[in-house]
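Asks: First, the structure itself, so that you have it in front of you.
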Amino acid sequence: MAQQEDVFKKIVSHCKEYGFVFPSSDIYDGLGAVYDYGQNGVELKNNIKQYWWQSMVLLHENIVGIDAAIFMHPTTWKASGHVDAFNDPLIDNRDSKKRYRADVLIEEQMAKYEDKIQKEIEKAQKRFGDSFDEAKFRATNERVLENQKKYDDLHHRFQEVMNAPGGIDLEGMKQIILDEGIVCPISGTRNWTDVRQFNLMFKTEMGSTADGASTIYLRPETAQGIFVNYLNVQKTGRMKLPFGIAQIGKAFRNEIVARQFIFRMREFEQMEMQFFIQPGTELDWFAKWKETRMKWHQNLGFGAENYRFHDHDKLAHYANAATDIEFHMPFGFKEVEGIHSRTNFDLSQHAKYSGKKIEYFDPETNESYTPYVIETSIGVDRMFLSIMCHSYEEQLLPDGQTRTVLHLPAALAPVKLAVFPLTKKDGMPEKAQEIINELRFHFNCKYEEKDQIGKRYRRMDAIGCPYCVTVDQQTLEDNTVTLRDRDTMEQKRVAISDLRSIIEDKVSITSLLKKLL
Ligand code: ATP
């Protein structure tokens, strides 16, 4: 685990050193859990967004996009339930003065029991080799059974307090923390305050205070911008059910525990798609979207074993089924995307609060009804982090040296091709520029002439550039160059006129999209 934490620290500093992610307002020592994307980060981020957007809007005839404003009428958030219920239970440690999410402390305790079980299994696996029977071991080993019981009891109690009839049972939650002997990781003590609810929405004012400014919120999710536009899009686009509306945009949450770099930010970006369907078909569509979204993730080639579904025990006030797609980060399996069956909760609430009829007239059944909704909701920043974590490698080379390389999927890499003149003489820089001038319309190219070729390769490896080309003496004679592959480090001689056809297909988003069909 310590080793994994080290790796994570290295990834965070790599992100800064190579222009991917900087702390916000860095010269003022940053702002808690707010980050800026640098020259390479913004390219990677834009590519992620394009991969998502095109997989939704280009590949589905019945999905269209919108771009709603961040500010919305304040009643939106009353109707959606966010004013009353978008709360996290928080608890303070009196000694360290640190604040925690009480539910997260309990979840971490459950994860500890799971870890203990996993360690026993791994130990036994090593001991027994091929003859190891995991199911039998789980059913008979005393230490596993003991930890499983602790896990099950805690899980049961946790579910009870989270699903208490009048909302989360805050006293019950504190009691669990005390009974489990959970200590503050900073002070190491059990000197806890009571658990309180904390609303995560940021407030601001619109208009001048003199003429009675109104309180408005920075949206905590992009979804509501889609719900309030359902009628506009359905009517003007003559959309027939089932159909979807996709959107990418900023969301804001005043997170209590803002740790783990860009995993939990106060300002972040979401890619959400609301799919409007006939009531009664929601579980089929829920299953279908689970499969579609998992395929989108696995299509990046990071290995199926690094993903899992985590079905929710506690359903949000609007949902009748929900799951997370989790990715194996250096700090464990963590949520990257949520898929929720939101029933007709949001549209009905907006109908109630706005006094407008928000329905769909189904020409096939001659009936009007409020559509149900399946939502897929993914954080751009968490996706970015998962890609960085998986791509980062400190590789030991056969000659004993190491190189730091980002094995980014070529279609997402910020720079696709770097072109180097071997020396700054004999017209090589001009030839290199000529190559760039031709290819820059097709993909992102970078010119580099400083330092030895080996150093230039390393710099390109560190930003995940999949191809490098070197212009040398021979180029001037026969118009061929050496093309070097980032992952295999193999070099081959190719004609300049073939470069585009060799590279373009491999680095385009289209290459990823084709594999989805
Ligand atoms: P968590 O349980 O981690 O707080 P959530 O279940 O509240 O997340 P959703 O409301 O389902 O998250 O939001 C959908 C997606 O938006 C998440 O899967 C995640 O990728 C992203 N997301 C949510 N909160 C943040 C945040 N504070 N920073 C970065 N991304 C976030």
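The values are calculated or read from the model by the stated rules, or taken from the named source; none is laboratory data. Predicted model, so just to flag it, every value in this text is computed and none were measured. A quick note on method: Cβ atoms are made from the backbone with ideal geometry, for glycine too, and the neighbour counts reach across all protein chains shown.
Asks: Could you list, in sequence order, all residues of the range 473-517 that are under 27 Å from Tyr18 (Cβ atoms) and among the acidic types (Asp, Glu)?
Replies: Of everything in the range 473-517, those that are under 27 Å from Tyr18 (Cβ atoms) and among the acidic types (Asp, Glu) turn out to be Asp485, Asp487, Glu490, Glu504, Asp505.
Asks: Given the criteria modelled with pLDDT of 95 or more, among the polar types (S, T, N, Q) and part of a strand (DSSP E or B), does Gln247 qualify?
Replies: Answer is yes for this residue.
Asks: For the range 346-374, what are the residues that are aromatic (Phe, Trp, Tyr) and either in contact with a helix residue (DSSP H, G or I) (Cβ under 6 Å, 6 or more places away or on another chain) or buried (at least 20 other Cβ atoms within 10 Å of the Cβ) (or both)?
Replies: Tyr353, Tyr360, Tyr372
Asks: Go through (1) buried (at least 18 other Cβ atoms within 10 Å of the Cβ); (2) within 16 Å of the ligand (Cβ to nearest atom); (3) assigned to a loop (DSSP other than H, G, I, E, B) for Met239 and report which single condition fails.
Replies: The failed condition is (2).
Asks: Here is a further query. Taking into account only those residues within the range 242-262 that are β-branched (Val, Ile, Thr) and within 15 Å of the chain's Cα centre (by Cα), which is farthest from the ligand (Cβ to nearest atom)?
Replies: Ile248
Asks: Say whether the condition of being on the phi > 0 side of the Ramachandran plot and either surrounded by 20 or more Cβ atoms within 10 Å (Cβ to Cβ) or among the basic types (Lys, Arg) (or both) is met by at least one residue in the range 409-418.
Replies: Looking through the range 409-418, none of the residues is on the phi > 0 side of the Ramachandran plot and either surrounded by 20 or more Cβ atoms within 10 Å (Cβ to Cβ) or among the basic types (Lys, Arg) (or both).
Asks: How many residues are over 20 Å from the mean Cα position of the chain (by Cα), within 16 Å of the ligand (Cβ to nearest atom) and free of Cβ contacts under 8 Å to residues at least 24 places away in the same chain if we restrict to the range 267-320?
Replies: Residues that pass the stated criteria total 1.
Asks: So which pairs qualify, if the first residue must be in the range 427-455 and closer than 21 Å to Ser501 by Cβ, the second must be acidic (Asp, Glu), the Cβ gap must be under 6 Å, and the two must be at least 6 apart or on different chains?
Replies: Close Cβ pairs satisfying both conditions: His442/Glu504.
Asks: Name the single residue that is farthest from Cys389 (Cα to Cα) among those in the range 2-32 being outside any helix (DSSP H, G or I) and in contact with a helix residue (DSSP H, G or I) (Cβ under 9 Å, 6 or more places away or on another chain).
Replies: Filtering first and then ranking leaves Pro23.
Asks: Looking only at residues in the range 324-376 that are of a type in the set (Phe, Trp, Tyr) and in contact with a strand residue (DSSP E or B) (Cβ under 7 Å, 6 or more places away or on another chain), which one is farthest from the ligand (Cβ to nearest atom)?
Replies: Taking the candidates together, the pick is Phe361.
Asks: Considering only the range 482-517, state which residues are of a type in the set (D, E, K, R) and in a helix (DSSP H, G or I).
Replies: Within the range 482-517, Asp498, Arg500, Glu504, Asp505, Lys506, Lys514, Lys515 qualify.
Results for (1) within 28 Å of the chain's Cα centre (by Cα); (2) in a helix (DSSP H, G or I); (3) of a type in the set (D, E, K, R), shown as yes or no for each residue.
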{"site": "Ser348", "(1), (2), (3)": "no, yes, no"}
{"site": "Phe384", "(1), (2), (3)": "yes, yes, no"}
{"site": "Thr404", "(1), (2), (3)": "yes, no, no"}
{"site": "Ile435", "(1), (2), (3)": "no, yes, no"}
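For (1) assigned by TED's automatic domain parsing to the domain that holds Asp36; (2) more than 30 Å from Val507 (Cβ to Cβ); (3) surrounded by 15 or more Cβ atoms within 10 Å (Cβ to Cβ), each residue gets a yes or a no:
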| residue | (1), (2), (3) |
| --- | --- |
| Lys250 | yes, no, no |
| Glu255 | yes, yes, yes |
| Gln274 | yes, yes, yes |
| Leu300 | yes, no, yes |
